[in-house]
Amino acid sequence: MTREPTTSTREETSPEEPSKHRAGVRDATDRDRYVVGLMAGTSLDGIDAACCRIRREEGGPFGYDISIESFVTVTYPESIRDRLIDLCEADTGRIDEVCRLNRSIGALFANAAERSLDRAGIQPDDAEAIGSHGQTIRHIPSKSLGPMDRRFRSTLQIGDGATIAFETGIRTVSDFRTADVAASGHGAPLAPFLDATLFADDEEARVLQNIGGIGNCTVLPPAPDRDDIVAFDTGPGNMVVDAIVEILSDGHRTYDEDGRQAATGTPDDGLLSEFLAHDYFEEAPPKTSGREQFGHEYARQFIEAGRERRLSNDDIVASSTMLTARSIADAYERFADPYPSETYVSGGGVYNDTLLSYLREELECPIAPLDDLGMDPDSKEAALFALLAATRLDDVPNTIPSATGASEPVVMGDVSDP
Amino acid sequence: MILDPAAVDPVRTPTGSVKLVPPELIAFDFDGTLVDQRGGWLLLQELFGTRERGKTLSERHRGGEITFQEWCDGNVALWAERGVERANVEAAAAAVKLTQGATPLLEFLHDSRPPYGTISGGIRDLQTVLDPFEPDFRLANELRFDDDGTLDGSTARVGPDHKDEVLKTLCADYGIEPSDVFYVGDSHTDVEAFEVAGTTVLFDPDARLDEGVEEEVDIVVDDRDLGRVTALLRGLLD
């Protein structure tokens, strides 16, 4: 017998009002639910799967408790990865491949979900849902002219939810970002919803600061409402320091290990003032940045400006490290209201001791690694999609419009029943 | 570890059994070794329609008329004339594909202790496929762009016959000896590195390679699968 998977799409409801029409959704309050979150990043490496225990503890958008029961990473087979790379390129992406890979990737996502359940010792029958981000093959945040002279953003993730539901026998929520994009948002970032749920404090204002290539933060006031949360890219994370180290070492080093080179130099305030005058730092959130602003060319300009000031290589590396710290501190001064009482740091930057010491100097609050809040940063994004699936099934709006730029909060995710 | 060629077919050891020691640093050629396309300069010359004029530059370089830096700048000037911008080079880089078996190899090295990276006579800007694996060093020639993305020069770092000197300088920076290096390459531009590195692997030999080079290396991998190299390194590092 062949079962036909069914896909239901969101129904029109008031954003804060639960739907009365959804059948088969049990009251989720005060009971443990097992939900698998699946995430595949733009690096096309593979799929992260987190089996989460989720309990809805109270009303309100952030009244959930989450713990991670297992976390697995499944690498894409090389042939699939190569096809995905082609698909992601404007010149080589073909619609028939979208069609084929949508199914194939769905099967891989299903397999990753099953592995995470197995690792957690949870039977599929005991899992309430799977939340799958899918694999992004296009994300076009700039608006393109559409019908009726309107301009639209767009985004496309593949990894068919119906396939995941059919193969696992578990209700699957997928295709999250499109709902926020439909509400005029960027469809990103989505992590602030998890940040607010897991890490907001009733008393203290917190910032969660990720320092990857680019720095990004979520500002969480005490007991925040949806409208209180701000999330944006603070500017360079490790990207500028890495590029400068690579250029200055003629390729011998691609990063400043533990911040040792920066530690032997001295930041130059004049150089920093010059580069902190970049328009990006003054721009109000929501805002994003990337290699276009802070890549190798920016690094070369920084080096040349340092040379004009007769700085040593060590001083230039120290200055670029301080640029990251000071741009983060400046961003909090400008855009974090209230100013945080504590900052939790994640990403590769936590391994740069000099950067952390500069950050301590520049911030007027203590900093600690995100692990101190009990969350392994590697599993955070997969856990996010478990939470988004649970909130979707509860009809709780699961976006932060102040972060995505959407006109209103929406319930993201389409449901596929097995 | 004694490598018995009969036990690891299709890996060959032209000089007989080879004693392998755990390396302190692992270096790869890029073009033709970690990725399928055999030459970054050639790729851009063909893509941007400057192959014939590029050949003339190469003849002048081989004849000692121009330095390698001048050869690089000459190629860049030809591309700039054609209006090549950063976006064009990024598009070319996106088309560069990893060799079969490269992903698990690079993931393994990313999580292993010895520093690893590339020594390439090609172009650094075409190595973005390696970004997720965060190599510790990347010695290659670099294109330069101005603020608006227009191509405006190059930084020459690795000439076609200089990998021995480059490798020695790199080793001095890391405080190790070239004899502690495990080096993998595929072509005539790797011959100098083969001469100084401690353990050398000729991977899927380029057809243009001179006879006799095979006798200079410790190991030859005939099939185009970097999984063979992963297996060797796992044996040494795990």
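Compute the accessible area of each residue in the stretch B:161-192 twice, once for its chain alone and once with every protein chain present, using a 1.4 Å probe on heavy atoms, and list those whose area falls by at least 10 Å².
B:Thr169, B:Leu170, B:Asp173, B:Tyr174
Hey, got the average number of other protein chain Cβ atoms within 10 angstrom for residues in B:138-148?
Partner Cβ neighbours, averaged per residue: 3.
With a 1.4 Å probe and all protein chains kept in place, how much accessible area does A:Glu257 have, in Å² rounded to the nearest 10?
Rounded to the nearest 10, that gives 80 Å².
Quick query: amide H of A:Gly215 versus all other amide H atoms, modeled in the peptide plane; which residues come in under 5 Å with a sequence gap of 5 or more or a different chain?
Answer set, sorted by chain and number: A:Thr234, A:Gly235, A:Gly237.
Let me spell out the model: positive unit charges on the Cβ of Lys and Arg, negative unit charges on the Cβ of Asp and Glu, origin at the Cα centre of the protein assembly as shown. What dipole size does that give, in debye rounded to 20?
Dipole of the protein assembly as shown, to the nearest 20 debye: 1520 debye.
If you count, for each residue, the other Cβ atoms within 10 Å and average over each peptide, how do A:97-105, A:247-255 line up from highest to lowest?
Listed from highest to lowest mean packing, they are A:247-255, A:97-105.
By average Cβ neighbour count within 10 Å, what is the ranking of B:217-225, A:81-89, A:160-168 from highest down?
Result, highest mean Cβ count within 10 Å first: A:160-168, B:217-225, A:81-89.
How much accessible surface does B:Glu142 have with a 1.4 Å probe, in Å² rounded to 10?
Here the accessible area works out near 10 Å².
What is the percent carbon and sulfur in the accessible area of the protein assembly as shown, measuring with a 1.4 Å probe over the protein chains and ignoring ligands?
45
With runs of 4+ DSSP H residues as the only contributors, calculate the mean residue ellipticity of the protein assembly as shown at 222 nm using -39,500 (n - 2.57) per run, divided by the residue total and rounded to the nearest 500.
Roughly -10500 deg cm²/dmol at 222 nm, from the helical runs in the protein assembly as shown.
Around A:Asn111, what is the net charge, scoring Lys/Arg as +1 and Asp/Glu as -1 over all other residues with Cβ under 14 Å from its Cβ?
Charge balance in the 14 Å sphere: -2.
What ³J(HN,Hα) values, in whole Hz, does the Karplus curve 6.51 cos²θ - 1.76 cosθ + 1.60 give for the stretch B:32-46 when θ = phi - 60°, with x put for Gly and Pro?
After applying 6.51 cos²θ - 1.76 cosθ + 1.60, I find x, 10, 6, 10, 6, 6, 7, x, x, 4, 4, 4, 6, 4, 6 Hz.
If I take every Cα pair under 8 Å that is 6 or more residues apart in chain A, average their sequence separation and divide by the length, what percent do I get for the relative contact order?
23
Per-residue Cβ counts within 10 Å, from other chains only, averaged over A:251-260: what number is that?
That works out to 5 on average.
Summing +1 for each Lys or Arg and -1 for each Asp or Glu, what net charge is found among the other residues whose Cβ lies under 9 Å from the Cβ of B:Glu24?
My count for the surroundings of B:Glu24 gives -2.
Determine the shielding of peptide A:42-48 by partner chains: average, over its residues, the number of Cβ atoms on other chains within 10 angstrom of each Cβ.
2
Return the long-range amide H neighbours of A:Thr75 (sequence gap of 5 or more, or a different chain), with a cut-off of under 5 Å between placed amide H atoms.
Under 5 Å from the amide H of A:Thr75: A:Ile47.
Taking both sides together, what accessible area is buried at the A/B interface, probe 1.4 Å, expressed in Å² and rounded to the nearest 100?
2200
Report the accessible area of A:Met148, computed with a 1.4 Å probe over the heavy atoms of all protein chains in place, in Å² rounded to the nearest 10.
Approximately 150 Å² for this residue.
For the stretch A:202-365, with every protein chain kept in place, what is the accessible area per residue (1.4 Å probe, Å²)?
About 40 Å² of surface per residue is accessible.
Counting heavy atoms of the protein chains only and a 1.4 Å probe, report the per residue accessible area for the stretch B:114-238 as a whole number of Å².
That works out to 36 Å² per residue.
Count charges around B:Thr50 for me, please; just the other residues with Cβ under 11 Å from its Cβ, Lys/Arg as +1, Asp/Glu as -1.
+1
How large is ³J(HN,Hα) for each residue in the stretch B:187-201, as worked out from phi by the Karplus curve 6.51 cos²θ - 1.76 cosθ + 1.60 (θ = phi - 60°), to whole Hz, x for Gly and Pro?
With the stated coefficients, the stretch B:187-201 comes to 9, 5, 6, 9, 4, 5, 5, 4, 6, 10, 6, x, 10, 10, 10 Hz.
For the stretch B:161-238, which GluC sites (Glu not before Pro) pass both filters: DSSP loop (anything but H, G, I, E, B) and at most 15 other C-beta atoms within 10 Å?
Those that pass, being in a loop and sparsely packed, are B:Glu211.
Short version: which residues of the stretch A:72-115 lose at least 20 Å² of accessible area, all chains versus chain alone, 1.4 Å probe?
Buried on complex formation: A:Thr75, A:Glu78, A:Arg81, A:Asp82, A:Ile85, A:Asp86, A:Glu89.
Within 10 Å, count the other beta carbons around each residue, average over each peptide in A:364-374, B:23-33, and list them highest first.
B:23-33, A:364-374
Convert each backbone phi in the stretch A:279-291 into a coupling constant with the Karplus relation 6.51 cos²θ - 1.76 cosθ + 1.60 (shift: θ = phi - 60°), then list the ³J(HN,Hα) values in order as whole Hz, x for Gly and Pro.
Rounded to whole hertz, the list is 3, 4, 5, 8, 4, 7, x, x, 7, 10, 9, x, 4.
Which far-off residues, 5 or more places away or on another chain, put their amide H under 5 Å from the one on B:Ile66, with H placed in the peptide plane?
Residues meeting the amide H criterion: B:His61.
If you roll a 1.4 Å probe over the heavy atoms of the protein chains, what accessible area per residue do you get for the stretch B:14-76, in Å²?
Accessible area per residue: 46 Å².
The values are calculated or read from the model by the stated rules, or taken from the named source; none is laboratory data. Since the model is a prediction, treat every value here as computed from it, not as a measurement. Because the Cβ atoms are built from the backbone with ideal geometry, glycine has one as well, and the counts that use them run over all protein chains shown. For accessibility, only protein heavy atoms count, side chains too; no ligands or nucleic acids. Shrake-Rupley method; radii C 1.70, N 1.55, O 1.52, S 1.80 Å.
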